[in-house]
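Student: My structure is below; once you've seen it, I'll send some questions.
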Amino acid sequence: MTRKRLIFNVVLILGIVVLGLTLWLVRAPEPAPTPPQTVSALAPGSVTAMEVHLPNAVVELDRSRPAATWQLRQPIAAPADDVPVEALLALAEATPTQRYERGAIDDETTGLDDPALVVRFNGQAPILVGNEGPTPASRYVATPHAMLLVQAEQLARLPTTWRNWVSPTLITDNADLAQLTLPRLTLTRGETGGWQVKPSSADRGADYAQATIDAWRHSRVLSLEPVDASRERIARVTLRYGDDHERRLDVIEREPELILRDAERGIDYHFAPHLAAPLLDMQHPDTLGAGRVRSLQPSAIPLNPAGEKGDASRPD
């Protein structure tokens, strides 16, 4: 090999090495992996409004910010039950297990021609929920662009009537309750947060007053039913909030169920009968000991005690 050819080969090899290094240094960056596409294109936690089409009603819900409490806006204004709300939020954030072209499976199988549920998140295009899929707890779901198979265990328990989207408790934990007027006594929140009881003859101490407020916040209904207008009230309860708004509940019966009517919302709240005493009479034997139960029987608290003015049970 001549000296000139050797130099040529060395230069060629160096050129190839330099070109390779240059291409390696300026190579295009690898694209970031595409996150799995969820049923809704909205970012997790960003849903602040939902519209739910049920067989006989449209339920509209919203919250002022992602961390706020959900409220019904239609067909009535009321706090929403967390269970169905969380089921819908889980649907919005679900990752499909299978994607199909629209029309790839017949409507009789998917049920999407007559969906059991139609929902909009933040006013976007409707999402249709159809029949159960081929795997346990799966459902066929249709978006404007595709048909999906989604694992949606919670949807099986979704209420089909609007009343069951209402919170099953009478007062939310964050409600600014200022006064609770029961048939025989009134509890008023003091400046330090404690509860004052009137008439004084009904006052059993701070622990009983707080237990009564807790019962109103945490007792859950057996069922929510349409108002039965044929039945008259036997007493009335008035809740006054910090903004001076008042809510009135009529006591319809105490046994065999406790029924409290919210005429404005058109709902009868049905409770187990053992909750009548904690909710209406400030009686809490399970919480505070049974030794003082006798002194807390409703008959022991007069409707208009001697020396006390006013009648807390008088209807408005």
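Student: When the chain is fully extended, how far beyond the present Cα-Cα distance does Glu225 get from Asp82, taking 0.36 nm per residue of separation?
Tutor: Details: separation 143, 0.36 × 143 = 51.48 nm, distance 1.87 nm.
Contour length minus Cα-Cα distance gives 49.6 nm.
Student: Over the C-alpha atoms of the range 49-165, what are the Rg and the largest Cα-to-Cα span, Dmax, in Å?
Tutor: 14.1, 41
Student: Turning to a different aspect of this structure: On a full-extension model of 0.36 nm per residue, what is the gain between Ala125 and Gln74, subtracting their alpha-carbon distance, rounded to one decimal in nm?
Tutor: Numbers: separation 51, 0.36 × 51 = 18.36 nm, distance 1.91 nm.
Full extension from Ala125 to Gln74 adds 16.4 nm.
Student: Give me the net charge of Leu148's neighbourhood, meaning all other residues with Cβ under 12 Å from the Cβ of Leu148; Lys, Arg count +1, Asp, Glu -1. Could the numbers behind the result be given before it?
Tutor: Details: positive: Arg99, Arg102, Arg139; negative: Glu101.
After counting each charged neighbour, the total is +2.
Student: Would you please give the FRET efficiency between Tyr241 and Thr161, computed as 1/(1 + (r/R0)^6) with r the Cβ-Cβ distance and R0 = 30 Å, to the nearest 0.05?
Tutor: Values: r = 28 Å, r/R0 = 0.92.
Given R0 = 30 Å and the Cβ-Cβ separation, E is 0.65.
Student: Okay, next question. Compute the distance in nm between two label points, each set 7 Å from the Cα along the Cα-to-Cβ direction, one at Asp214 and one at Asp114.
Tutor: Between Asp214 and Asp114, the simple spin-label model gives 5.0 nm.
Student: Can I ask one more? Below 8 Å, C-alpha to C-alpha, sequence gap of six or more: please give me the relative contact order for the range 100-177 in percent.
Tutor: With pairs under 8 Å counted, the relative contact order is 21 percent.
Student: Another question, then. Multiplying the sequence separation of Glu101 and Ala67 by 0.36 nm and subtracting their Cα-Cα distance, what value in nm do you get?
Tutor: Values: separation 34, 0.36 × 34 = 12.24 nm, distance 3.60 nm.
Residue separation times 0.36 nm, minus the Cα-Cα distance, leaves 8.6 nm.
Student: Give, as a single signed number, the net charge of other residues whose beta carbon lies under 14 Å from the beta carbon of Pro159, with Lys and Arg counted +1 and Asp and Glu -1. Present the calculation step by step, with values, prior to reporting the outcome.
Tutor: Working: positive: Arg157, Arg163; negative: Asp81, Asp82, Glu86, Glu225.
Within the 14 Å Cβ shell, the charges total -2.
Student: Additional query: Equivalent-ellipsoid semi-axes (√(5λ), Cα gyration tensor) for the range 177-300, whole Å, largest first?
Tutor: Numbers: eigenvalues 109, 66, 30 Å².
Over the Cα atoms of the range 177-300, the ellipsoid semi-axes are 23, 18, 12 Å.
Student: Next question. Between Glu60 and Ala206, how high is the FRET efficiency from 1/(1 + (r/R0)^6) when r is the Cβ-Cβ distance and R₀ = 51 Å? Nearest 0.05.
Tutor: In this case the efficiency is close to 0.80.
Throughout, read-outs are computed from the coordinates displayed, never taken from laboratory work. These figures come from a predicted structure and were not determined experimentally. Heads up, the Cβs are rebuilt from the backbone with ideal geometry, glycines too, and the neighbour counts pull from every protein chain shown.
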